[in-house]
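The values are calculated or read from the model by the stated rules, or taken from the named source; none is laboratory data. In this text the structure is predicted, and so the values were computed from the model without any measurement. Neighbour counts run over all protein chains shown; Cβ positions are idealised from the backbone, glycine included.
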Amino acid sequence: MWKPPQSLSGYIRQHLRELEERLNFGVRQEVILAELKAKGYKTTLKGFRNLLYRARIRAAQNPEEFQTKVEKKNEKEDAQSLAKKSENKKEEVSKNPLKKKAGFDFKGTNSFDESDLI
């Protein structure tokens, strides 16, 4: 008898996003169960629902574990691009003399001049 290389719970955890998308699209759980049986996994509908429930809980508790490599790469790129954009904005603000600088730059009372008074 042929055994799949991975446990059913591991398979469900690994393919949770795909399974969720298919279920949200309207694919019945019985159809997914039949596909799993064709791949060599043996379970009942109740067992499948239980494993799906556990995988959802585990994904909610540790979302980083269930991100794909592509999603992690995209998040890194997004973070880097945001950092570059914020640096560019700082440069743009300092280069444009018509825009006020954000925040308050306190230089102390030593830089105070009588001509600054109104």
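For the reader, a short list of remarks on this structure follows.
- Tally, over segment 1-30, of residues that are of a type outside the set (Asp, Glu), surrounded by 10 or more Cβ atoms within 10 Å (Cβ to Cβ) and assigned to a helix (DSSP H, G or I): 13
- The set of residues from segment 34-65 being more than 28 Å from the chain's Cα centre (by Cα) and in a helix (DSSP H, G or I) comprises Ala34, Glu35, Lys37, Ala38, Leu45, Lys46, Gly47.
- Checked against (1) at pLDDT below 90; (2) under 25 Å from the mean Cα position of the chain (by Cα); (3) among the β-branched types (Val, Ile, Thr), Ile12 passes all but a single condition, namely (1).
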